[in-house]
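To start, the structure itself, in structure tokens.
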Amino acid sequence: MSSTFHDTEETMQEEAVLSVRNLQTVFRTDRELIRAVDGISFDIKSGETLGIVGESGSGKSVTARSIMGLVDSPGEILPGSSIKFNGEELTEYTDPEYQAIRGSGIGMVFQDPLKSLNPVYTVGNQIREALKINRGITGKQATEKAIELLEDVAIPDPARRLGEYPHEFSGGMRQRAVIAMMLACDPELLICDEPTTALDVTIQAQIIELLQDLQEERDLAILFITHDMGVIAEISDRVNVMYAGEFVEKASVEELFENPKHPYTEGLLDAIPGTLAEQDRLNTIEGDVPTPNKPASDCRFAPRCPKAFKDCTEVHPVHVSVSEENDHSAACLLYPDDRSRDEAVQYHISQNEENEQPQEGDEE
Amino acid sequence: MSKHSKQMASTVDQDNQTLVKVRNLKKYYGGGGRFSGPPVKAVDDVSFDIQEGETLGLVGESGSGKTTLGRTLIQLETATEGTVSFSGEDITELSGEPLKKWRKNAQIVFQDPDSSLNDRMTIGEIIREPLDAHDWKSAADRREKVQNLLSSVGLQEDHYYRYPHQFSGGQRQRIGIARALALEPDFLVLDEPVSALDASVQAKILNLLEDLQDEFGLTYLFIAHDLSVVRHICDRVAVMYLGKIMEIGETEELYTDAKNPYTASLLSAIPRPDPTSDRTRITLPGTPPSPRDPPEGCQFSTRCPAKIRPEAYDHLSNETWNAIEQFREVVRERTRIQFGIRDRLKRQLGLFSKYDDIDEAADDFFGDIEPPREVQEAIDTAIEQVKAGHPDQARDQLKQQFGGICDTKRPDMYAVSDSGRLSYCHRHADEYRGVNETLDRRSDN
């Protein structure tokens with residue numbers, strides 16, 4: 001499984017800020033091993049936004065937490081996974097080393113800003129704390145820097161706002177304050193886990209605009225996680241569609257919306273209400289996201305897939321390039337579509353065998 | 001107000017099957033006692049009708065009063081003023097036994113399927129509870145009824161004995177719907193029924209709601225903040241902002257040709273699932289003001305992109321004007337700060353408090369632009385007033401200087417289309433330029 005992406009690997013490796021290879025995060029329970037993230041690979045370059053989209057339970061947030069080193073027992077990143085940030089292998093880091101990376105290289109914005117802010121300290125206090133711990137700036141200098149940061153995230157009257165507590169901020173302003181705290185660490189990569197889901201559309205538009213401005217100014221790499229196809233279309237350059245711990249389709253944003261290839265992506269796009277005004281009934285995807293508790297030996301979407309055929313339950317699909325454009329790929333037995341169905345299935349089987357290597361941790 | 005009601009009356013005449021008739025409904029919280037502050041005006045003078053068998057959508061940002069309005073309609077909250085009539089009967093007058101009897105007609109489905117089901121009761125008990133409460137027929141009948149309900153919302157009959165934690169979010173929402181349907185109501189308030197659900201599950205619940213509406217001839221009030229969901233399911237839509245309905249009319253018409261500046265901004269803020277679209281988005285500045293201290297004029301005036309400027313300042317560039325508006329917002333914010341005793345004393349003694357420093361904020365807004373002399377003077381006066389500890393004076397002074405009709409006078413509801421769409425904006429009056437024209441012009445320069 002580890003070298004599924006060998007064809008694109010070389011071309012992208014040079015400038016990638018973050019490069020994830022075969023990431024497997026599992027949770028051990030008494031009964032079973034849950035493979036929340038099962039062998040995903042991707043790169044993010046600076047100045048680029050990669051969107052990850054999927055239903056709840058597909059493993060989006062676990063991906064983000066794995067990169068941040070926030071997976072706690074019973075969760076575990078399996079050996080053989082690789083997360084490289086600026087060439088440094090993060091999976092081998094100790095806790096203090098990780099702490100340093102979180103303070104300087106990677107910032108994360110969570111869905112609920114109230115949970116990321118401490119209610120008993122003023123906002124200014126919390127930003128100054130971030131500056132002190134991560135950059136060693138203290139005293140008057142820190143206050144000035146904090147005002148500057150709040151100004152950067154477009155909070156009006158920042159000098160006064162510094163002295164206020166999180167409960168005195170509105171929802172959108174809290175999210176701005178969290179982003180300001182992240183900027184205090186001067187990150188190269190910002191991981192946004194559903195940062196606008198809890199906000200109203202008008203405020204959501206403000207935050208998206210802010211993130212885009214900040215990205216332009218600072219050449220930030222952004223990993224943006226959401227379940228909202230509309231938000232993905234606005235903010236991402238490239239999109240990975242996640243399902244049950246795996247990426248089922250990867251493409252540039254225009255390509256994905258114009259020319260979706262995987263049946264799951266098609267289903268997701270069809271389920272958006274209001275796009276076709278005169279359409280009477282919404283198309284739905286039957287069933288729920290399964291819990292991936294076995295190594296993938298089939299297509300995990302097969303039970304819900306309208307286009308499934310017999311082999312779908314027996315062969316695990318690999319990523320196949322599906323259009324002239326080099327970076328559009330889908331993991332589905334229907335492709336490559338220039339071959340007959342049997343040939344296509346054979347291709348997937350042979351690719352699987354090629355990647356078959358004894359991997360530690362796969363056996364429980 | 002008289003103009004308003006006349007227009008409402010004219011739309012009513014077209015359809016004789018009005019189920020719910022809401023007139024001048026107000027719901028205020030607090031503000032009763034001698035020492036309490038001004039009341040929170042959650043719903044502030046709202047009038048509309050809901051026809052039999054239709055789905056009326058209610059959209060707006062959080063805090064706009066959607067949920068309060070929905071709850072007041074079915075008497076979960078007592079209206080402060082105004083009437084709600086159901087098939088001609090004013091239910092704000094009801095209490096006691098008659099009210100309980102009437103409640104069978106109107107039910108509600110709540111937003112959060114996790115907190116609206118009692119974890120210690122089985123699904124059967126949960127759905128049966130309204131039947132028990134109203135002493136509906138015999139025990140055996142109730143049981144059969146529940147089993148029918150389970151199958152009509154797409155659940156299995158043997159789910160009767162399970163507990164809520166054994167179900168997924170979508171299934172739990174189905175249970176909530178089944179419970180609301182138990183007493184065979186005519187009217188259902190759906191309070192954000194799908195916003196906690198994933199897109200594909202959401203689609204299933206929406207389809208279910210449509211099926212049930214056909215099957216039982218239900219009338220819905222569909223409350224949501226997700227505008228695309230509302231477009232899909234609703235026949236008519238009301239857009240709410242700060243306790244007031246800004247625009248109400250046929251769904252498609254309203255979505256394709258919004259007349260009110262707030263509706264236009266709200267619609268333009270929806271992220272489109274189309275990365276190639278290059279529409280111009282109107283990004284509203286700031287957040288809605290506090291409902292405890294709403295603007296004196298139009299509720300939307302503090303953020304409106306099409307606000308009417310006083311004639312004397314019509315020539316100002318957008319940049320200057322926006323800076324003025326933002327500065328005014330900062331000053332307004334200042335008047336709302338609640339001070340501790342020490343700061344209040346300081347202020348009374350005329351001592352300079354750190355809260356009264358506003359130079360920096362003003363500098364942010366006006367640093368890069370050179371406002372005309374009269375503007376600069378007004379700003380400087382305001383800065384002095386704030387520094388002297390009188391932000392309220394600064395606020396009034398700025399309002400006098402820069403306030404137009406939008407700041408001082410509540411607009412009327414104007415009919416803006418043949419189908420009887422109503423919009424709440426001064427710009428619909430003949431003497432002002434239209435909304436869309438203004439928005440286009442302002443986005444150009």
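Only the coordinates and a few stated rules stand behind these numbers; no lab work does. All values reported here derive from a predicted model rather than from experimental measurement. Virtual Cβ from ideal backbone geometry, glycine too; neighbours counted across all protein chains shown.
Laid out as a table, the results:
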| item | result |
| --- | --- |
| Cβ-Cβ FRET estimate between A:HIS167 and B:ARG120, R0 fixed at 41 Å, reported to 0.05 | 0.80 |
| Prolate/oblate/rounded label for the protein assembly as shown (Cα gyration tensor, a/c 1.5) | oblate |
| Exercise: per-residue mean of other protein chain Cβ atoms within 10 Å, B:265-272 | 6 |
| GNM result for chain B, Cα springs below 10 Å: residue of B:VAL386, B:VAL239, B:VAL20 fluctuating most strongly | B:VAL386 |
| Debye, to nearest 20: dipole size of the protein assembly as shown, +1 on Lys, Arg Cβ, -1 on Asp, Glu Cβ | 3940 |
| Inter-part distance where region A:92-111 and region A:294-317 are each reduced to a Cα centre, Å | 37 |
| Additional length obtainable on full extension of the chain from B:SER317 to B:THR280, 0.36 nm per residue less Cα span | 11.4 nm |
| Exposed chymotrypsin sites (Phe, Trp or Tyr not before Pro) absent: longest stretch of chain A, with sites in DSSP loops and at most 15 other Cβ within 10 Å deemed exposed | A:122-308 |
| GluC sites (Glu not before Pro) restricted to region B:360-445 and DSSP loop, no more than 12 other C-beta within 10 Å | B:GLU431 |
| HN-Hα J in Hz across region B:304-313 - Karplus 6.51, -1.76, 1.60, θ = phi - 60°, x for Gly and Pro | 5, x, 10, 4, 7, 8, x, 4, 4, 10 |
| Peptide A:265-273 - average C-beta neighbours from other chains (10 Å radius) | 5 |
| Net charge contributed by nearby residues that have their C-beta within less than 14 Å of B:SER95 (K/R +1, D/E -1) | -2 |
| Over 27 Å (Cα to Cα) - which of A:LYS60/A:LYS261; B:LYS41/B:LYS259; A:LYS45/A:LYS250; A:LYS84/A:LYS307 fall in this group | A:LYS84/A:LYS307 |
| Nonlocal amide H pairs with A:VAL37, under 5 Å, H built at 1.01 Å | A:THR25 |
| Straight-distance crosslink candidates among aspartates and glutamates, where the alpha carbon sits under 17 Å from B:LYS399 and sequence neighbours closer than 8 are dropped | B:ASP293, B:GLU296, B:GLU311, B:ASP314, B:GLU325, B:GLU329, B:GLU333, B:GLU374, B:GLU377, B:ASP380, B:GLU384, B:ASP407 |
| Under the span-like rule (Cα at least 24 Å along the axis, Kyte-Doolittle mean at least 0.0), DSSP H helices of chain B | B:199-216 |
| Euclidean distance between Cα centres, region B:289-304 to region B:193-244, Å | 28 |
| Farthest positive-ward along the protein assembly as shown dipole, Cα basis, beta-carbon charges - from B:ASN322, B:ILE358, A:GLY230 | B:ILE358 |
